[in-house]
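To start, the structure under review is shown below, and the notes come after it.
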Amino acid sequence: MAAKKPLPVRRDLHFNIDGSKITHWHPMGRQVSHLASSLFVFFPVGERFFIHSVRHYRDRIADPELKKAVAGFIGQEAMHGREHEHYNELLIEAGLPAARQEQQVGALLEFLKNRLPPVMQLSATIALEHFTAILGDVVLSDERIPASSDPAINAMIRWHAMEETEHKAVAFDVYQAVAGKGLKAYATRTIGLLAATAILLTLSAYYHTQFTKADPAARNWRDRLRLLNFMFGSPGVYRRMVGPWLDYFRPGFHPWDHDNRDFLKGLDVLTAEIKAATPIAA
């Protein structure tokens, strides 16, 4: 008998990030820090898009457990968006063009909301949820990846990765509940992954270039070599994502086919550590 899926829980956490380190917090160099930031810039508006696409179908969900999971998913994504908004504000204060980039992403997603049918919007959401879930798995598998000179950034990355793991199947289950599992549903979800991945990687590469141009200290060959090693060598983040990314094209694919819930065992401890490090005033 298959293990019961985790139920996402909304955790209201805050991170006291050191703004003076926002451009160079990763030990493998500034280029790696900017690579992470070029992805983080998507999250505030991206999380709102995910919430919008799932919430559209909430009233059509009959399964009470899935209804609870959707509520948890929405709560978690709202918290992710809020904390990454703060991270992006620190990028802006450091002189990086995150404000313009976030506006561009927001305009693109508004265009898609106005032009794409709801099921295609949900397809884009489950595609990007797959991307963040496998990225989260890689992050949690190798402590070199979220390593940071700022403990708050390290904690934020690990928290986000764990919660992406916890809710990785929620939007997918909503999609199957409303679109089914037939050929049309398969075609829609796989096209969604191809399109979403192409847009995400193209824009993040462009944004990474803009961050590097705005940060002269990052423009050196050593940092560029460290970036290539980080992406494709050791730890090889993108290299390690290829296999799980391709698994999405298997007709019977489900996110929990890769059962990595063991990573969630440390979530309560991490949550307590974060709360202790950033106490909230009454």
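The values are calculated or read from the model by the stated rules, or taken from the named source; none is laboratory data. If you're wondering where the values come from, they're calculated on a predicted model, not measured in any experiment. Neighbour counts are summed over all protein chains in view; Cβ atoms, including those assigned to glycine, are modelled from backbone coordinates with ideal geometry. SASA here: full protein model, heavy atoms, side chains in, ligands and nucleic acids out. Shrake-Rupley method; radii C 1.70, N 1.55, O 1.52, S 1.80 Å.
One table, with the values for the structure above:
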item: Estimated translational D of the stretch 159-282 in µm²/s (Stokes, Kirkwood radius over Cα pairs; 10 °C; 1.306 mPa s); result: 88 µm²/s
item: Taking only Cα atoms of the chain, radius of gyration then Dmax in Å; result: 18.3, 56
item: Check: the stretch 172-282 dipole with +1 on Lys, Arg Cβ and -1 on Asp, Glu Cβ, in debye; result: 420 debye
item: For the stretch 3-159, average projected area of the Cα convex hull in nm²; result: 9.9 nm²
item: Of LYS113/LYS265; LYS68/LYS265; LYS184/LYS265; LYS4/LYS181, those spanning more than 28 Å from alpha-carbon to alpha-carbon; result: LYS113/LYS265; LYS184/LYS265
item: Nearest-10 value in Å² for the accessible area of MET28, using the 1.4 Å probe; result: 40 Å²
item: Accessible-area composition of the chain, carbon plus sulfur, in percent [1.4 Å probe]; result: 60 percent
item: Relative contact order (%) - criterion: Cα under 8 Å, at least six apart; region: the chain; result: 30 percent
item: Potential lengthening between ALA78 and SER141 on full extension [0.36 nm per residue; Cα-Cα distance subtracted]; result: 20.2 nm
item: 4 °C / 1.567 mPa s Stokes-Einstein diffusion coefficient of the stretch 89-233, Kirkwood radius on C-alpha pairs, µm²/s; result: 74 µm²/s
item: Relative packing of 73-86, 211-224, which averages over residues the other C-beta atoms within 10 Å, highest first; result: 73-86, 211-224
item: Rg and Dmax of the stretch 98-178, Cα atoms only, in Å; result: 15.4, 44
item: Shape metrics for the stretch 51-90, restricted to C-alpha atoms - Rg then Dmax, Å; result: 12.8, 42
item: Solvent exposure of the chain as accessible area per residue, Å², 1.4 Å probe; result: 46 Å²
